[in-house]
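Nothing in this text is a laboratory measurement; each read-out follows from the coordinates by a stated rule. Please read these numbers as outputs of a predicted model, since none were measured by experiment. Note that each Cβ is placed from the backbone with ideal geometry, even for glycine, and that neighbours are counted across all protein chains shown.
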Amino acid sequence: MEMPSIIHHVMDERGWSLRRLALEAGTSHSTLSAYAHRRVDPALGTLERIVERAGLTIEPTVVRRITANERGRELLDVLDLAAMFPARHSPHLTAPVFPQARRTERQDVPRGS
């Protein structure tokens, strides 16, 4: 999870605004905003302090990064699977027929009224 996601998750979890989170974390609103908008990268200790002051904790996990080639193969597999399902398309597009609205004569309204 990236820094902006962590900050927004903490705010959502606690129901706090950015200003409230900054107050609770003992930092300024502008500094926290810079973190949330990727203008500045905080140290890990700073991130932990922000999260812990909100009564939460960071649980690190290590995951394997999926390469573009793997993602492409996955997409091809999904498309192959989708092609196995029968498709029953009608040769004609059917749509509901709505009755025509009756036209009423429009009364001219003088401008500026």
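Which of the residues spanning the stretch 34-54 are assigned to a loop (DSSP other than H, G, I, E, B) and surrounded by fewer than 15 Cβ atoms within 10 Å (Cβ to Cβ)? If the condition is that a residue be assigned to a loop (DSSP other than H, G, I, E, B) and surrounded by fewer than 15 Cβ atoms within 10 Å (Cβ to Cβ), then His37, Arg38, Arg39, Val40, Asp41, Ala43 are the ones that fit. Could you tell me which residue of the stretch 10-33 is farthest from the chain's Cα centre (by Cα), considering only residues that are of a type outside the set (Val, Ile, Thr) and in a loop (DSSP other than H, G, I, E, B)? Among residues in the stretch 10-33 that are of a type outside the set (Val, Ile, Thr) and in a loop (DSSP other than H, G, I, E, B), the one farthest from the chain's Cα centre (by Cα) is Gly26. In the stretch 55-63 there is at least one residue that is assigned to a loop (DSSP other than H, G, I, E, B), surrounded by 10 or more Cβ atoms within 10 Å (Cβ to Cβ) and in contact with an Asp or Glu (Cβ under 7 Å, 6 or more places away or on another chain). Residue pairs whose Cβ atoms lie under 9 Å apart, separated by 6 or more positions or on different chains, with the first residue in the stretch 6-19 and closer than 18 Å to Arg38 by Cα and the second basic (Lys, Arg), are Met11/Arg20. Can you give me the number of residues within the stretch 1-24 that are out of contact with any Phe, Trp or Tyr (no Cβ under 8 Å at 6 or more places or on another chain) and under 27 Å from Val63 (Cβ atoms)? Count: 11.
With Ala54, Ala34, Ala43, Ala68 as the choices, which residue is touching a helix residue (DSSP H, G or I) at 6+ places or on another chain (Cβ under 9 Å), of a type in the set (Gly, Ala, Ser), without any contact (Cβ under 8 Å) to a residue 60 or more places away in the chain and closer than 30 Å to Met3 by Cα?
On the way: Ala34 fails: touching a helix residue (DSSP H, G or I) at 6+ places or on another chain (Cβ under 9 Å); Ala43 fails: touching a helix residue (DSSP H, G or I) at 6+ places or on another chain (Cβ under 9 Å); Ala68 fails: touching a helix residue (DSSP H, G or I) at 6+ places or on another chain (Cβ under 9 Å).
Only one candidate qualifies: Ala54.
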